[in-house]
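Below is one structure, written out as structure tokens; comments come after it.
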Amino acid sequence: MSTTWTIAKREFRSYFDSPVAYVVICLGLAALGLLFFNYRGGFWDANRASLEQMFIQVPRGLSWLVVPVITMRLIAEEKHSGTLELLITLPVRDSEVIFGKFLGAWGLVLVFIAATGLYPILMFGWPWDLGSLDTGPVLSGYLGLALFSAAAVSIGLLISSLTESQVIAFFVTFLVLFMLHIVGSGMTLDMLPPRVEYVVTFISFETRIAGFLRGAIHARDILFFLTVTAGCLTGSFWALERRKWA
Amino acid sequence: MTSDVMIEAQGLTKRYGAFRALDRVSFQVKKGEVVGFLGPNGAGKSTTMRILTCYQSATAGSATVHGHDVFDEPLEVRSKIGYLPQRAQMYGEMGVLEYLRFVADIRKINVTLFNKRIRNIVEVCGLGTVLGKDLRQLSHGYRQRVGLAQALIHDPPILVLDEPTEGLDPNEKTEVLEYIKQIGRDRTVILSTHNLAEVEEACSRAIIVSKGRVVADGSIDEVRARGGRVRYHVSIDEKNALAGKSAPAVGDVERALATLDGITSAKETPTDDRAHAFSLLGTRSTDLRADIYRLCVERGWVLLEMRRDIQRLEDVFKALTKSDELADRLRAPAAASVADEDEDADDEGDDANADDDDANDEGDADDEGDADDKGDGDAAGANGKEADEDDDDDEGADAPADKSKGKG
Ligand SMILES: Nc1ncnc2c1ncn2[C@@H]1O[C@H](COP(=O)(O)OP(=O)(O)O)[C@@H](O)[C@H]1O
Ligand SMILES: [Mg+2]
């Protein structure tokens, strides 16, 4: 475990050695702020003290910007620059490398998610004390975000481990996550035969996360995200092992 | 297997698709040896080292490091090895000390021990001035030293260094070799290179590989003796001759020298315009210096210089690897080795140049051809032994060829 932790720590810190982490976090928060206050009249027009809008928009921001940027380099860059060989030939298991990298990247995403808490605190705590917030859905919402982001990061990690190009990793991850969001939107559902619709609803991130945002925690949703995460981590592990037989 | 065998490779074969990068490579490295793993580019040196460090897996064959199987116990193997990959890349955004600390953390070295070791390592590797810098700010030479430092941090009994001096300037090369010699005093080291001067300087043993096969393996002197020939360097005055004789023409001199009994080839080597200089190859059992002197007196030539050298490792290396390499690679490796020799900035550079040109020149076929034939026979002889031992996994097709060569 401690080897995993060492790798995770290094990965996490390395984000702050380049402007990427700062830019993404700031951009993400700024975009969220804009959405929050202006989108469809903004938060102010909503007649309930809830964070519904925020919880709908944050996963999209994560999928379409934050996660692809954070995960694109994980393995691809190590392969491209050649640092992988020194890392792997230390006494580390391939699984520790994968899990460490996952934790490092997920950690940064969690920091971003935690940073979105700034808005509710500003509005319902200090300085604009807008009344009491229903904390249940907020907490379950954050739980949902954490689980969802683990799945998204593992998808990015898997894609990053299949290529040597960060750019490709970014676009493919973006595309995959984008699809996983829009397949669940009403527009696409109407056009599909029922059986496909069932599958689509099953894999859609939006439908999976919706429950959490309403304060309803379902075991099947938790299981879904955990399964995706475990599956993608295993896939990344295989992709890393593949080098031995190349 | 005795306990002082630190590295043992048995019949390592590695295929990339249909291409065979390693073909039944077997060797042993004993405790305390500093072994030069020699071969032209593409011979399979890095592939072998990657298998030894469990970065890649062999298609067939096995290897043990410090008694641990590279396939079954990668963590144990890696913990015994300090490895410097070819063109080692480290995280550019990390500081030197930070990086070494990271490696030490993964190797489970606690802070006190790290602090104790790092002082010595910084001194041995000459890192004092760059400890605070980021890796990406360092020159290649300094990065290579950091690479050595990270390989030493756990005080490993075995060091695997893949072309540690590649791309360094001559001064840095000397320094790095110096570090390696120092490090090698109480460790087992296997270092790959295609620079022979380095092997002669730093190693006690050489393993020569070519196209994925071991073609020679033994102490430097044994390998050198394998060529079975000596080289004479002869310079003759171009402008003057003894009383009553005319100044010699280069063609005459060359012909006369080449036809001396016991000389297998004569080749002009570049000099200034006052002398004709030649490099002659002869068999090791005879000494032709007297004959050469007599010839000069007879013809009235003024002999300016004569030297008899035991064949250099470089000659053996070329003889053993060239025919193989030329077959499918043509100019590429020759060009690379010329570039490399030039960095050494000594007279060997010129020599290598001349030889390489010849190799690609059909006109000189008989002198080089001879050397190659001879070399091949020796090569197969060295290899034949091992091939016989582990023929069990065999691919039929290659085996007969091996044996017929072995006899020749
Ligand atoms: N991943 C790979 N895929 C295909 N061929 C490879 C791969 N790695 C090395 N090779 C080939 O294997 C041969 C040996 O390579 P290498 O061990 O790097 O040689 P060396 O280190 O002696 O220069 C070369 O011909 C090289 O092109
Ligand atoms: Mg190499």
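Observations
- The mean of 1/r over all distinct Cα pairs in chain A, once inverted, gives the Kirkwood hydrodynamic radius of 18.9 Å.
- Sorting the Cα pairs of the stretch B:5-224 by distance into bins of 5 Å, from 0 upward, gives 1, 7, 15, 19, 20, 16, 11, 6, 2, 0, 0 percent per bin.
- Under the simplified labelling scheme, the B:T264-A:C26 pair shows an inter-label distance of 7.2 nm, with each label point 7 Å from Cα along Cα→Cβ.
- Inter-label distance for A:V111 and B:T59, nm, one decimal - labels placed 7 Å from Cα along Cα-to-Cβ: 4.6 nm
- Proportion of all alpha-carbon pairs of the stretch B:22-134 beyond 18 Å (%): 62 percent
- Choice from A:E164, A:E197, A:E52 showing the highest fluctuation, given a GNM over chain A with Cα pairs closer than 10 Å: A:E197
- Over the stretch B:230-310, the alpha carbon radius of gyration divided by the compact-protein estimate 2.2 N^0.38 Å works out to 1.00.
- Ordered from longest to shortest, the equivalent ellipsoid semi-axes for the stretch B:67-190 are 21, 18, 14 Å, each the square root of 5 times a Cα gyration tensor eigenvalue.
- Most mobile listed residue (A:G211, A:G104, A:G125) in chain A, GNM with C-alpha springs under 10 Å: A:G125
- Ranking of A:Y198, B:Y179 by count of other Cβ atoms within 10 Å, fewest first: A:Y198, B:Y179
- Measuring between their Cα centroids, the stretch B:207-278 and the stretch A:86-127 lie 68 Å from each other.
- When the C-alpha to C-alpha distance is required to be over 28 Å, the pairs from B:K30/B:K133; B:K45/B:K318; A:K244/B:K108; A:K101/B:K14; B:K239/B:K318 that qualify are B:K30/B:K133; A:K101/B:K14; B:K239/B:K318.
- Mean partner shielding of peptide A:76-86, defined as the number of other chain Cβ atoms within 10 Å of each residue Cβ, is 5.
Bear in mind these aren't lab numbers, they're just calculated from the coordinates by the rules spelled out. Remember, predicted model here, so these are calculated numbers, not experimental data. Because the Cβ atoms are built from the backbone with ideal geometry, glycine has one as well, and the counts that use them run over all protein chains shown.
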